[in-house]
Amino acid sequence: MPVAFITGDLVTDVFLGAAALFMLLAIAMFYRAIKGPTTQDRVLAVNVLGTNTVVILALLGAGLGEPSLLDIALVYALLNFLMAVAISKFTVERGGVL
Amino acid sequence: MIETLRVGAIIVLVVLGLFFTFVSATGVLRLPDVYSRAHTASQADTLGAGFALAAVALALGFGTTSYKTVLLLFFIFITNPTAAHAISRAADEQGIEPWTTDDDRTDRDLYEASEVETDGGVATNGGEQP
């Protein structure tokens, strides 16, 4: 049990508003993921998008008062890192997947 | 008093995180080649995520959930630059030339240069098959 879980209106608003702005920045990454031009650009854009998703999940977990979202964020960060390294290795060995 | 200080620190950390993530998003959208994009993605984005997660950890107080957030922070600090390094190393091994200030190549040319290299690899592979 947390010692002091802040549930003030101001902090909740800050977290939820920041989550919305982070989501806008994450959606902007789709431009680079779609336009390319190289496979590595796309992988990089999806990697940044995944990092932003982890931050959004943590902010929502704090803003909505649901700590279980932090577990989801932890698993998402793991899978995000694994995806970037695996696709990097795959593109070098097979010469491009996209 | 201490609660006001804590709320202020949370707001400052969230705003700093938003600022650095905005810098990272601008860099990924605007910089000229994959290496400079990897550079901004690994540095500014890691710092932005670190600030935002520090704000979350501060809001949650002492407890298991806060420890999980700190663990997540350290994990992102270690893995995000590693992933960017792996991506730019893959780009180098595919033969993508870094952009310099004195060349006029656009994104399209860089893409076609990497395409030639990739097609060459596939063609020799296919040539050996029959």
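The values are calculated or read from the model by the stated rules, or taken from the named source; none is laboratory data. The shown structure was predicted, so the numbers you read here are calculated from the model rather than taken from an experiment. Positions of Cβ are generated from backbone atoms using ideal geometry, with glycine treated the same way; all protein chains shown enter the neighbour counts. The accessibility values were calculated without ligands, DNA or RNA, using every heavy atom of the protein model including side chains. Shrake-Rupley method; radii C 1.70, N 1.55, O 1.52, S 1.80 Å.
So for segment A:9-92, Kirkwood radius off the Cα pairs, Stokes-Einstein at 25 °C and 0.890 mPa s: how many µm² s⁻¹?
180
Share of chain A's accessible area from carbon and sulfur, percent, 1.4 Å?
Exposed carbon and sulfur together represent 72 percent of the surface.
At R0 = 22 Å, how high is the FRET efficiency between A:Phe90 and A:Tyr31 if r is their beta carbon distance? Nearest 0.05 is fine.
Working from the Cβ atoms, E equals 0.40.
With θ set to phi - 60° and the Karplus curve 6.51 cos²θ - 1.76 cosθ + 1.60, what are the ³J(HN,Hα) couplings of segment A:64-78 in order, to the nearest whole Hz, using x for Gly and Pro?
Couplings: 8, x, 10, x, 5, 5, 5, 5, 4, 5, 4, 5, 5, 5, 4 Hz.
Projecting each Cα onto the charge dipole of segment B:1-107 (Lys/Arg +1, Asp/Glu -1 at the beta carbon, about the Cα centre), which of B:Ser66, B:Leu29, B:Gly95 comes out farthest on the positive side?
B:Ser66
How large is the helix-only mean residue ellipticity at 222 nm for chain A, computed as the sum of -39500 (n - 2.57) over DSSP H runs with n ≥ 4, divided by its residue count, in deg cm²/dmol to the nearest 500?
-29000 deg cm²/dmol
To the nearest 10 degrees, how steep is helix A:9-35 against the longest Cα principal axis of chain A, on a 0 to 90 scale?
10
Ratio of alpha-carbon Rg to the 2.2 N^0.38 Å globular estimate for segment B:2-93, to two decimals, please.
This ratio for segment B:2-93 stands at 1.25.
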